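The values are calculated or read from the model by the stated rules, or taken from the named source; none is laboratory data. Because the structure is a prediction, the values reported are computed rather than measured. In this analysis, Cβ positions are derived from the backbone assuming ideal geometry, glycine residues included, and neighbour counts consider all displayed protein chains. The area values use the complete protein model at the heavy-atom level, side chains included, leaving out ligands, DNA and RNA. Shrake-Rupley method; radii C 1.70, N 1.55, O 1.52, S 1.80 Å.
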Amino acid sequence: MKIFIDGKYYSERDAKVSVFDHGLLYGDGVFEGIRAYNGRVFKLAEHIDRLFYSAQAIMLKLPMTHRQLMDATVDACRKNKIRNGYIRLVVTRGVGSLGLSPYRCKKPSVIIIADQVQLYPPALYKKGLDIITVPTVRNLHSALNPAIKSLNYLNNVLAKIEAINGGCEEAIMLNSEGYIAECTADNVFIVKANQLMTPPLSAGALYGITRGTVMDLARDNDMEVSEPNLTRYDLFNADECFITGTGAEIVPVVKIDGRVIKGGKPGPVTTKLIEQYRALTNETGEPI
Ligand code: PXG
């Protein structure tokens, strides 16, 4: 594997960052997780847009333009002969001194890792996932806005630990008001009376690229799509539930906190959206 760091490629052994990089010292930086399907990078422009928004929110000036980042991402896939894979774009604050001030960091570092993708077992998409809500609440907007895809993922990591300790792969995180926010690396949706609902960004959801794609697909299917505040009660009593993310794509959820959702099987809306999403990933994207 060849890894891009600040304009050069390094072998896996030599791809290293300084211990003085504030990405390591303080989690000061931003990232994106992107997928390549069938020789194309899916929703690349949207991911780079979000990277710029995250960077703007933490006052980090990206050392590359939108176009340069797109080209570098595609090039990293090409160099690694990735046609189907996972791309991690990381921008750290860069090397500084021992002290919080980012103003001591000379230049942000851009890292691009294009690798094979670790897929969820295919059976899961047929059988559905069992998930639980966890005690760790989603970050407050006023503390660390959950819209920022920063290198500070401890909030999510703690929730993930709680999910695994509870025997589940994913966790539903509530916000400090008790409303559903999202999962540790996925957004959450429900279907009720043929309407599609997902928590609003104001509830602590990430502006998920998969989330947006699924909302568009549902609207194309003439479904009503809304973003109300949702409670655990709403999830327990949903007709269908599923989670979305770049890695997971669309995974049906059949049990939440021990409550079986409807028939305990992936529902028709979820199944149709999975098919439509698969078609889209195989047909669109930035050519590698
Ligand atoms: N919420 C959070 C907190 C996320 O980190 C999503 C929702 C889904 O967003 P997208 O844009 O992917 O539909 C994410 C995405 C990983 C990994 O390594 C995490 C994400 C994406 C890819 C890989 O666990 N987070």
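Pick from ASP21, ASP115, ASP220 the residue whose mean-square fluctuation is largest in a GNM of the chain, springs joining Cα atoms under 10 Å.
Fluctuation is largest for ASP220.
For ASP6 and GLU283, FRET efficiency with R0 = 25 Å and r from the beta-carbon atoms, rounded to 0.05?
0.15
Could you tell me whether segment 1-145 comes out rounded, prolate or oblate from its Cα gyration tensor? Rule is a ≥ b ≥ c as square roots of the eigenvalues, rounded for a/c under 1.5, then prolate if a/b exceeds b/c, otherwise oblate. Walk me through the numbers on the way to the answer.
Numbers: a/c = 1.80, a/b = 1.16, b/c = 1.55.
Oblate.
Going by alpha carbons, how many degrees (0 to 90, nearest 10) lie between the helix axis of 66-79 and the longest principal axis of the chain?
Rounded to the nearest ten degrees, it is 90.
Which shape class, rounded, prolate or oblate, goes with segment 99-211 when its Cα gyration tensor gives a ≥ b ≥ c as root eigenvalues, a/c under 1.5 marks rounded, and past that a/b bigger than b/c marks prolate?
Prolate.
Find the accessible area per residue for the chain; the probe is 1.4 Å, ligands and nucleic acids are left out, and the unit is Å².
Counting only protein heavy atoms, the per-residue value for the chain is 48 Å².
To the nearest 10 degrees, how steep is helix 154-165 against the longest Cα principal axis of the chain, on a 0 to 90 scale?
That works out to roughly 50 degrees.
Report the gain in length on full extension from ASP75 to ASN237: 0.36 nm times residue separation, minus Cα-Cα distance, nm rounded to one decimal.
Length gained, ASP75 through ASN237: 53.7 nm.
Could you please tell me the mean projected area of the C-alpha convex hull for segment 175-264, averaged over all directions and given in square nanometres to one decimal?
Mean shadow area of the hull around the Cα atoms is 5.5 nm².
When 1/r is averaged over all different Cα pairs and the result inverted, which Kirkwood radius in Å belongs to the chain?
19.7 Å
Of the residues ARG232, ARG93, ARG138, which exhibits the maximal mean-square fluctuation in a Gaussian network model of the chain defined by a 10 Å Cα contact cut-off?
ARG232
Please work out how much accessible surface SER109 shows to a 1.4 Å probe, ignoring ligands, DNA and RNA, in Å² rounded to 10.
SER109 exposes around 20 Å² with every protein chain in place.
Using alpha-carbon pairs under 8 Å, 6+ residues apart, how would you state the relative contact order of segment 124-283 in percent?
26 percent
How far apart, in nm, are two points set 7 Å out from the Cα along the Cα-to-Cβ line at LYS16 and at HIS66?
Here the modelled spin labels are 3.8 nm apart.
Amide H of CYS183 versus every other amide H placed in the peptide plane: which residues, excluding those fewer than 5 positions away on the same chain, fall under 5 Å?
Those lying under 5 Å, H to H, from CYS183 are MET173, VAL188.
Of LYS2/LYS107; LYS8/LYS61; LYS2/LYS149; LYS81/LYS255; LYS43/LYS265; LYS126/LYS192, which ones are farther than 28 Å apart at the Cα?
In this structure, LYS81/LYS255; LYS43/LYS265 lie more than 28 Å apart at Cα.
For segment 157-223, what D do you get in µm² per second when you plug the Kirkwood radius from alpha-carbon pairs into Stokes-Einstein at 10 °C and 1.306 mPa s?
On the way: Rh = 12.9 Å.
In µm²/s, the coefficient rounds to 123.
Gaussian network model of the chain, Cα springs within a sub-10 Å range: biggest mean-square fluctuation belongs to which of GLU224, GLU12, GLU170?
GLU12
Counting pairs of alpha carbon atoms under 8 Å apart in space and at least six apart in sequence, what relative contact order in percent does segment 2-115 give?
Working: 200 pairs, mean separation 41.3, N = 114.
The normalised contact order for segment 2-115 reaches 36 percent.
Which whole-number percent of Cα pairs in segment 119-184 have a distance greater than 17 Å?
Cα-Cα pairs in segment 119-184 separated by more than 17 Å: 45 percent.
Report the calculated FRET efficiency for LYS126 and ASP49 (r = Cβ-Cβ distance, R0 = 35 Å), to the nearest 0.05.
It comes out at approximately 0.55.
Separation of segment 119-176 and segment 30-77 by C-alpha centroid, Å?
23 Å
Rounded, prolate or oblate: which one fits segment 1-68, using the alpha carbon gyration tensor with axes a ≥ b ≥ c (rounded when a/c is under 1.5, else prolate when a/b beats b/c, else oblate)?
Cα axes put segment 1-68 in the oblate bin.
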